[in-house]
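Read the structure below first, then the notes.
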Amino acid sequence: HGTGGDERDMAGLGRSLSPGSPLIAPRGPVSEGGMARFFSRTAADPFTFPDFDERIDDLAAFVRDAAPAHGLGGRLLYAVGYSNGA
């Protein structure tokens, strides 16, 4: 999801792209003005992301943990996102 969205935003698209496939969807852990996003940015330069590497690691851990918990271990996974969630 993009800034201000949540884990439900892409579910409809995911179901359209691959009907019947299981979906896992994270919520961005960073709050910007009360809106969820996946990584922070600086006020001086909105295209500078000081925690980008850390958030990539967090997302990878989410997928590593969620995949086997939902019976997806060893399956090919596809990621879909937009804006700050892409």
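The values are calculated or read from the model by the stated rules, or taken from the named source; none is laboratory data. Computed from a predicted model, the values in this text were never measured in an experiment. Note: ideal-geometry Cβ built from the backbone for every residue, glycine included; neighbour counts use all protein chains shown. Heads up: the accessible areas ignore ligands, DNA and RNA and are worked out on the full protein's heavy atoms, side chains in. Shrake-Rupley method; radii C 1.70, N 1.55, O 1.52, S 1.80 Å.
For segment 43-81, which trypsin sites (Lys or Arg not before Pro) pass both filters: DSSP loop (anything but H, G, I, E, B) and at most 14 other C-beta atoms within 10 Å?
Arg75
Taking K and R as +1 and D and E as -1, what net charge do the other residues with C-beta under 14 Å from the C-beta of Ser31 add up to?
That works out to +1.
Which of the following values of Rg and Dmax of the Cα atoms in Å was calculated from the structure shown: (1) 16.9, 59; (2) 13.9, 44; (3) 13.5, 38?
Checked against the structure: label (2).
At a probe radius of 1.4 Å, what is the per-residue accessible area of Ser31, in Å² to the nearest 10?
Ser31 exposes around 90 Å² with every protein chain in place.
What part of the accessible area of the chain, given as a whole %, is carbon or sulfur when the probe is 1.4 angstrom?
Roughly 56 percent of what the probe reaches on the chain is carbon or sulfur.
Given a 1.4 angstrom probe, what's the average accessible area per residue across the chain, in square angstrom?
For the chain, the per-residue accessible area is 68 Å².
Tally Lys/Arg at +1 and Asp/Glu at -1 over every other residue whose Cβ is under 14 Å from the Cβ of His1; what's the total?
Its environment carries a net charge of 0.
Choose one of Pro68, Pro26, Gly5: the residue whose Cα lies farthest towards the positive end of the charge dipole of the chain (beta-carbon charges +1 Lys, Arg; -1 Asp, Glu; about the Cα centre).
Pro68
Determine the dipole magnitude for the chain: charges of +1 sit on the beta-carbon of Lys and Arg, -1 on that of Asp and Glu, nothing else is charged, the reference point is the Cα centre, and the result goes in debye to the nearest 20.
So the dipole magnitude of the chain works out to roughly 380 debye.
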